[in-house]
């Protein structure tokens, strides 16, 4: 899917009302992923036209339809680094243990200690190359006039739809690795812990814009309710 024109940086520090926005200002970084166009992220009222929650969850042969947008392509780099770090935590002890196996040890133990590090290295190499790209292909998200819709998981697929009317807080978080790759996570909280959702690995400026938009939409629902 071709990358559409990226929206400009948006500050979200001045969001008011019970639905607080993220803490900080968007990074004006150059987009790298398949981000939604700016026109699709502008705040709109509860009666705005567009796909509805019922349309999103219409069941098909393989479950609900997939959300429209992918996460940022730089998430591949972040997931690759995470896989490398996890592999090293297992590979280094295995290699170190093989050095301390005495020659007088049973032959099966000597052979195992010699083969195991290489077998683990081959497995982790395949995992580092394949898994991040697969996760990028299957993780999707979408914001409609009625709700937030996400699809996550690479073994077990999880569809989550949160109505705009149930949003209580919206925050943007950025871990150390996310800062390295210019990424952020939008956390949307509702009264129910099971109804909350996170949109992970978005470009930082897109995450700020999404959080600002969701806060404004939630406030519009509150105004209509009163």
According to the Kirkwood expression over distinct Cα-Cα pairs, how big is the hydrodynamic radius of the range 140-226, in Å? 13.4 Å
Footprinting exposure proxy for 115, 84, 148 (fewest neighbouring C-beta atoms within 10 Å first): 115, 84, 148
Relative contact order for the range 119-216: what percent, with Cα pairs under 8 Å and sequence separation of 6 or more? 18 percent
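If I take R0 = 25 Å and measure r between the Cβ atoms of residue 157 and residue 94 in this structure, what FRET efficiency does the formula 1/(1 + (r/R0)^6) give, to the nearest 0.05?
Values: r = 32 Å, r/R0 = 1.29.
Given R0 = 25 Å and the Cβ-Cβ separation, E is 0.20.
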Quick one: if the Förster radius is 30 Å, what FRET efficiency do residue 105 and residue 84 give, using the C-beta to C-beta distance and rounding to 0.05? 0.45
Given a cut-off of under 8 Å on Cα pairs at least six residues apart, what relative contact order in percent is computed for the range 75-135? 51 percent
Gap in Å between the Cα centre of the range 162-190 and the Cα centre of the range 91-144? 32 Å
Length gained if residue 168 through residue 116 is fully extended, taking 0.36 nm per residue and subtracting the Cα-Cα distance, is 13.7 nm
Most exposed first, judged by fewest Cβ atoms within 10 angstrom, 190, 152, 206, 158 run 158, 190, 152, 206
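Every number here is computed from the coordinates shown, using simple stated rules; none is lab data. A quick note: this is a predicted structure, and the numbers were derived from the prediction, not measured. With ideal geometry, Cβ positions are generated from the backbone for all residues, glycine too; neighbour counts draw on all protein chains shown.
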